[in-house]
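Taking it in order: structure first as structure tokens, then the write-up.
Coordinate-derived values only; no laboratory data. Keep in mind that this is a model prediction, so the values were computed, not measured. When we count neighbours, we look across all protein chains shown, and the Cβ atoms used for this are built from the backbone with ideal geometry, even at glycine.
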Amino acid sequence: MSLPETPGNDSAGGAARQAAVDYEAHFHAAPSGYLMTGTDGTVLDVNRTLSRWLGLDRGRIIGASVLELMPMPDRVLYASFAMVQLGVSGGFEEMALALTGAGGDPLPMLVSGVRDSAAGHAGAGDGGVDRLTFFSAPKRTQFERDLAAALRKAGAAEAARAAAEELLLEKQRALEAKDLILQENLALSREREALLDTVLNTADVGLLVVDGDGGTVLLNSHLAGSMRRVAGGPGEPDAVAVFGADRVTPLPPEMRPITRAAAGETFTDEVLWFGTGGEQMAASVSARPVGGVRGASGSVLSFSDVTRLMRAVAAQDDFVANVSHELRTPLTSILGYLDLALDAEELPDHVSGALSVAMRNAERLLGLVSDLLSVASGTKKLARRKVDVAAIVRAGVVSAAPRAAAGGVDITVDIPDSAPGEVDPRRMAEVVDNLLSNAVKYSPGGGTIVVRLRRDGLSLLLEVEDTGMGMSPDEQQQVFTKFFRSRRALTAAVPGAGLGLAITKNIVELHGGNLTFRSSLGEGSVFTVVLPDGPGLS
């Protein structure tokens, strides 16, 4: 670097030269970087500090454009701002930019500049010199980077907060939608509950729902009212006295309907009596378990009030018993006198014939009265003993043969020589007679009756099959009902009172057996009696 000479004596010239030397040493040893450029940005001089920072020789820097020392974004910034400020304002302060080192790494700087229009310098031209001072600012750049990173993190946090708020809003909207659905379901549930309560309390059948421990879950008003009436005050169904079919034998706790239902038992139309005194109620009780995810979780019981029906049946049985008893005594007397009259000698034929007709009709009427008495009495006692059931069946076939022959009906038998069984012989003969009599009566146009008796394991099976008129499905539902007569039997004027099968079923069940049948309309019927072996039989 050279400075202009000052005119004067030699001592003054020496002092000036010394000052120039000191200035140059200060220029190159300064801790900051210095750069002098022409107004067009051409580098006129650079101190060693800046060249060292850049890692470039001063010779490579001098003569180059200052813009070549900067990365592209800073070139634009310097040209559009710094050079304009130098030309307009004559300087600028603390502009942050970067210079490019020899390795290509950016060197963060703070630069200030001032334009000296009066200075002269080789290559500067007439426009003056721009003096630029550079300060290394890595800490400020790091701060800016940290600030930028912090700002980026803040931006990310803000974005995350916004996303979280959006997610929260979505969840809130989902919760509001679910809440709306729950409210709608609750309203629907309440409507259904109100409908269920209305239906349950409108039904004329008592309904009770219990849990697995027998506790009351639901009780309709009909049953609550019935239990209050029976108990003579407030009464829960499980606290009212319960009796069997005889109205006097209390049921043990384990046999009470609520206890059985809570245990998961299923039963149908069991007639029980509730309460005592004049308000005692007969109810037909049924129970069905309620299925849950983990099995039965309770049970539903229905109580149908059949008090009037039971009393009507009892009154009917009393009436039948009384009337039958009153008819039997005169009929016995009539039969006795008819028998004496028929034993008289030298009766005219027309008188004998009339007496015989009267005798047959009186015997028929006595048989009907006996049936009525048997039904009304509900006899439960049997005189069982070991007998040959095959002999009883054969005797019944022989007894029915004349009636069958008169109606054009053939009887065939499939009976073993002997079939021992422990039965009441008189009542068993009544069973055979009733089944054969029905088979003959309900084959008015002729046909065939097949009687079979065989042993099946430990049981005796008696079958009576006919090819008569048969029964419709509706008629089969009432076949064992007392006094029931089918429409075809009435049309065909088949005699009978509709008691034979009811009596037969009762006798068979007293023996511990069962009576079943199958029938087809117009094709005939098959009645099957199953009699288990009694004690002492082999």
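I need the calculated FRET efficiency for the pair Arg360 and Asp414, taking r as the beta carbon distance and R₀ as 25 Å, to the nearest 0.05. According to the calculation, E is roughly 0.20.
Once the chain from Ala160 to Arg426 is taken as fully extended at 0.36 nm per residue, the excess over their C-alpha distance is 85.7 nm. Two decimals is fine: what is log10 I(q)/I(0) at q = 0.11, 0.13, 0.20, 0.24 Å⁻¹ for region 31-136, from a Debye sum with one equal scatterer on every Cα and no solvent? Scattering profile of region 31-136, log10 relative to I(0): -0.28, -0.40, -1.01, -1.48. Taking 0.36 nm per residue of separation and subtracting the Cα-Cα distance, full extension of the segment from Leu195 to Val76 would add 34.6 nm. Placing unit charges on the Cβ atoms of the charged side chains and taking the dipole of region 31-136 about its Cα centre, the candidate lying farthest along the positive direction among Ala96, Ser80, Pro31 is Pro31. Estimated at 0.36 nm per residue, the fully extended path between Gln85 and Tyr23 surpasses their Cα-Cα distance by 19.6 nm.
Sorting Val66, Val450 from the fewest to the most surrounding beta carbons within 10 angstrom yields Val450, Val66. FRET efficiency for the Ala406 to Arg228 pair, using the beta carbon distance and R₀ = 51 Å, is estimated at 0.20.
I need Leu169, Leu50 ordered by Cβ neighbour count within 10 Å, fewest first.
Details: Leu169 10, Leu50 25.
The most exposed by this proxy come first: Leu169, Leu50.
Among Val300, Val409, a tally of other beta-carbon atoms within 10 Å of each Cβ gives an order, fewest to most, of Val300, Val409. In this rough spin-label picture, where each label sits 7 Å from Cα along the Cβ direction, the Asp533-Glu270 distance is 3.2 nm.
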